[in-house]
Amino acid sequence: MSNNGKAELTGALYIDGDHAAAEGAIAAGCNFVAGYPITPSTEIVERIAARFPGTGGTFIQMEDEIASSIAIQGAVWGGAKAMTVSSGPGISLMMEHIGLAAMTEVPCVFVNVQRGGPSTGLPTLPAQADMMQARWGSHGDYEIIALCPNSPQECFDLIIQAFNLSEQYRVPVMFMMDESIGHMTERVVIPPYRDIPIVPRKFTVRPPGQYRPYEPEDDTLVPALTKAGQGHNVHITGLTHDERGYPVMSAVAQDKLIRRLVGKIRNNVHKITDVRADGLEDADVVVLSYGITSRIAMRAVRMARERGLKVGCLRLVVVWPFPEQVIRELAERVSVMIMPEINMGQMVLEVERCAAGRCRVVSVPHAGGTVHDPKTIFHAIMEAAG
Amino acid sequence: MTTTSGGLQNPVEQYLRMDRIPHIWCPGCGIGTTVNCFARALDDSGLNLQNLAIVSGIGCTGRVAGYLDFDSFHTTHGRALPFATGLKLANPELKVVVYSGDGDLIAIGGNHFIHAARRNLDVTVICVNNFNYAMTGGQVAPTTPQNAVGTTAPLGVVERPFNLPFLADSCGAVYVARWTAFHVRQLSKSMAEALRKDGFSFIEVIAPCPTLYERRNRLGTSLERMEWYRDNSVIKNGADTRECDIVFQDKIVCGKFVDRERENLIEATRAKQEAARNR
Ligand SMILES: Cc1ncc(C[n+]2csc(CCOP(=O)(O)OP(=O)(O)O)c2C)c(N)n1
Ligand code: SF4
Ligand SMILES: [Mg+2]
């Protein structure tokens, strides 16, 4: 690709979601990317490799995704803003290191351009079947943040948000694209970088000797960071640790640490939640969706509204943490929630859990390879409206 | 900071997290000896130690990072080198040392090892080879000599082990040495040399694991093992690394085998970018 040698690209571009995600990462200040090629995510690392020499960033193609997913964490301790990029098979290889990032509280972004699975599946075709993996894929208890863009523009905008959230909460953030978004070309407007809100890394102000890497320095549950070479002589381990970062093998230390790791997200779900509602005011039926499927859902809803049905849309932009409160309240006032997703019914399990019988929940599954036919969703709406 | 009983501070204590002592290693374990040598090497290295970072994987040796009072990272099993790759590339001012076990670096981490050496990542790798997976109870490793036993090869190992100096050499390491835990002065000197190299430097340290490997193979106490190392190692500086295979209870070739110059990853990247700018 050509960028005319400019570090900062502003204005309107016609690019696909993969390229837009790369530009968003650069605009967010990302200056370290480690990756390994895999369809349909490769264009992201290719654009990064082409752009970083001009922006001062470092790209390295590692020997595999296991290496990529920990190289970015080394880079964060070196002071960088970092991400890695992959798809199903590669993301599966990264799981141990998503847990490491959660445990050691390393802000970083994992981009998953989802394709059909399991295994090698459908390399060039879309799916949304890694949604539960994004939440639960690594072993142990932890919380994570995951975002789902539904357009190239959102690949740009929301990956900036992903970096911001990762810095604010010191968590790995999963950026859950899919093949159709990744390869869809649309107009993407890039604002001047100075107009883009960036959450800066919270570095400790404590001098060497007084800094404790896992002791929050304010009333959030999020400790301040440092980087290597500052004289703080930190010890960082994936073992259960105390505020100094020292390993402590006890149920008491485990309880304290895990409650904080989980709490820093759970206590802030209301701040992290991002849902977009359309036509919910008088709706009796609501179609819930995320990512590419939200665009198909919108078509189906319009078809139903043309027939006079009171149907609304709710799109989850942040899918994890799950917006429990929003769904609970909605379940009180609608009679049916319909959830199309390009998997055999994953996020709908969360919807059912939160609806808890207060309304009907209908899954519209799809095994992947393409997006839903809007008519399938339309028929589900018609059936539900009875 | 604590001091030894006579009131004289042990010179290596300044480099240790004394608030974490006693350590977890068994009496007679060779890992502590290597750490002693490393601390002394730091004195001789002339490095700015504020920029020193230690990265370990998982294992008994992997615990080294936790005892050294520097920026230290105890990562995941086998992945110290890719972590170190990110750390070094993000801040080239850092001196990054990877300190880990044979299983960690060469079995599960073997792929990262060959690639880091190939890239000539500027990192010093210290591999404590105790011929087994000690942390998990004495299973065999790709370094266990043929015919030695371990819990997962009770009849003796049939596979041929890696010759680590040859592996590192053939992948392009700029500094390759092997010592045993008996050779404390040579090891310490070698560590200081390796730390001063601007590329992938590798030191294999053969060290006893009296609790598991030596006991199961009836090789005696740690002290007896030191005597054995003394009597059975042959120092051959500059030896052809192809001739450094380890054979069960046979002579161990020690020495500095490789010391050469090669443009490292960061230098090569900068040169390429410079050339592109001037085009
Ligand atoms: C992914 C993964 N697999 C297995 C283990 C279990 N494990 C911990 S240490 C270790 C082997 C360590 O051997 P080595 O690197 O030689 O270190 P030593 O204990 O001998 O010093 C293994 C297999 C682990 N922690 N993580
Ligand atoms: S088990 Fe072996 S390697 Fe581990 S601490 Fe004990 S002696 Fe050392
Ligand atoms: Mg070992």
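Readers should treat all values here as calculations from the given coordinates under stated rules, not as data from a laboratory. For clarity, every value in this text was computed on a predicted model and none was experimentally measured. Every residue, glycine among them, receives a Cβ derived from its backbone with ideal geometry; neighbour counts consider all protein chains shown.
Legend: ranking of residues A:T39, B:T76 from fewest to most surrounding C-beta atoms inside 10 Å; resulting order A:T39, B:T76. Remark on segment A:21-147: ratio of C-alpha radius of gyration to 2.2 N^0.38 Å is 0.99. Of all DSSP bridge pairs formed entirely within segment A:11-195, close to 25 percent run antiparallel. Ranked by how many other Cβ atoms sit within 10 Å of their own Cβ, fewest first, the residues A:E352, A:E383, A:E167 fall in the order A:E383, A:E352, A:E167. Rounded to the nearest 500, the 222 nm mean residue ellipticity of chain B from helices alone is -9500 deg cm²/dmol, with -39,500 (n - 2.57) taken per DSSP H run of at least 4 residues.
Over all other residues within a Cβ to Cβ distance under 11 Å of A:V109, the charged ones net out to 0, with Lys and Arg as +1 and Asp and Glu as -1.
Bridging of B:K88 to lysines at a Cα separation below 20 Å is possible for A:K81, A:K227, B:K197, B:K272, once same-chain residues fewer than 8 apart are set aside. Between 0 and 90 degrees, the angle of helix A:324-333 with respect to the longest Cα principal axis of chain A falls at about 20 degrees.
The C-alpha atoms of chain A define a longest principal axis, and helix A:152-169 lies at about 50 degrees to it.
Counting charges near B:S190 (Lys, Arg +1; Asp, Glu -1) among other residues having Cβ under 12 Å from its Cβ returns a value of +3. Taken over segment B:14-111, the ratio of Cα radius of gyration to 2.2 N^0.38 Å equals 1.05. Counting only Cα atoms, the size of segment B:151-223 along its three principal axes is 43, 29, 12 Å, in decreasing order. Between B:R230 and A:D195, the modelled label-to-label distance comes to 7.8 nm, taking each label 7 Å out from Cα in the direction of the beta carbon.
How large is the translational diffusion coefficient of segment A:275-384 in µm² per second when you combine the Kirkwood radius over alpha carbon pairs with Stokes-Einstein at 37 °C and 0.692 mPa s?
On the way: Rh = 13.5 Å.
The diffusion coefficient I find is 244 µm²/s.
DSSP finds beta bridges in chain B, and of those with both partners inside it, around 20 percent are antiparallel. So how far, in whole Å, is the C-alpha centre of segment B:167-195 from the one of segment B:29-43? If we compute the Cα centre of each part, the gap is 13 Å.
What Kirkwood hydrodynamic radius, in Å, does chain A give when the mean of 1/r is taken over all pairs of distinct Cα atoms and then inverted? Could the numbers behind the result be given before it?
Details: mean 1/r = 0.0467 Å⁻¹.
Result for chain A, one decimal place: 21.4 Å.
Kirkwood radius, segment A:209-258, all distinct C-alpha pairs, inverse of mean reciprocal distance: 11.5 Å.
The ratio of the alpha-carbon radius of gyration of segment B:203-279 to the globular-protein estimate 2.2 N^0.38 Å is 1.80.
Holding the Cα-Cα limit at 26 Å, pick out from A:K256/B:K95; B:K95/B:K251; A:K202/A:K271; A:K6/A:K271 the pairs that are longer than that.
Values: A:K256/B:K95 34 Å; B:K95/B:K251 34 Å; A:K202/A:K271 18 Å; A:K6/A:K271 35 Å.
A:K256/B:K95; B:K95/B:K251; A:K6/A:K271, as the Cα separations exceed 26 Å there.
Between helix A:95-104 and chain A there is an angle of about 60 degrees, using the helix long axis and the longest principal axis of the Cα atoms.
With a 10 Å cut-off around each Cβ of A:222-234, the average count of Cβ atoms from other chains is 5. Each Cα pair under 8 Å and six or more residues apart adds its sequence gap; the mean of these over the residue count of chain B is a relative contact order of 18 percent.
Need one number: % antiparallel among DSSP beta bridges in the protein assembly as shown, to the nearest 5. It would help to have the intermediate numbers written out before the result.
Values: 22 of 90 bridges.
Percentage antiparallel, nearest 5: 25.
Counting other C-beta atoms within 10 Å, which of A:M103, B:M18, A:M339 has the fewest, and how do the rest follow?
With the fewest neighbours first, A:M103, B:M18, A:M339 line up as B:M18, A:M103, A:M339.
Could you work out the relative contact order of segment A:1-92? I mean the mean sequence separation of Cα pairs under 8 Å and 6+ apart, divided by the number of residues, in percent.
Details: 122 pairs, mean separation 32.2, N = 92.
Here the relative contact order equals 35 percent.
Under the simplified labelling scheme, the A:D64-A:M344 pair shows an inter-label distance of 2.7 nm, with each label point 7 Å from Cα along Cα→Cβ.
Compute the relative contact order of segment A:55-179 as a whole-number percentage, counting only Cα pairs closer than 8 Å that sit 6 or more residues apart in sequence. If you can, show how the numbers build up before the last one.
Values: 216 pairs, mean separation 34.3, N = 125.
Taking the mean separation of contacting Cα pairs over the length of segment A:55-179, I get 27 percent.
Identify the residues of segment A:179-195 with backbone N under 12 Å of a label point that sits 7 angstrom from the Cα of A:Y14 along the Cα-to-Cβ direction, or state none. Only A:185-188 pass the distance filter.
Spherically averaged projected area of the convex hull of Cα atoms, segment A:1-73: 4.8 nm². Summarising the amide proton neighbourhood of B:V123: residues at separation of 5 or more, or on other chains, whose placed amide H is nearer than 5 Å comprise B:G199, B:F200, B:S201. Radius of gyration over Kirkwood radius for segment B:14-277, both on Cα atoms: the Rg/Rh ratio is 0.96. Scattering from the protein assembly as shown was approximated by placing one identical point on each alpha carbon and applying the Debye formula without solvent; log10 I(q)/I(0) at 0.11 1/Å stands at -1.07. Modelled this way, with points 7 Å down the Cα-to-C-beta line, the labels at A:T185 and A:I258 are 5.0 nm from one another. Note on segment B:111-150: Kirkwood hydrodynamic radius from all Cα pairs is 12.0 Å, rounded to one decimal. Close amide-amide hydrogen proximity is noted between A:V111 and A:T84, A:V85, A:S86, A:F175, each under 5 Å apart and 5 or more residues distant or on a separate chain (H modeled in the peptide plane; Pro and chain starts excluded).
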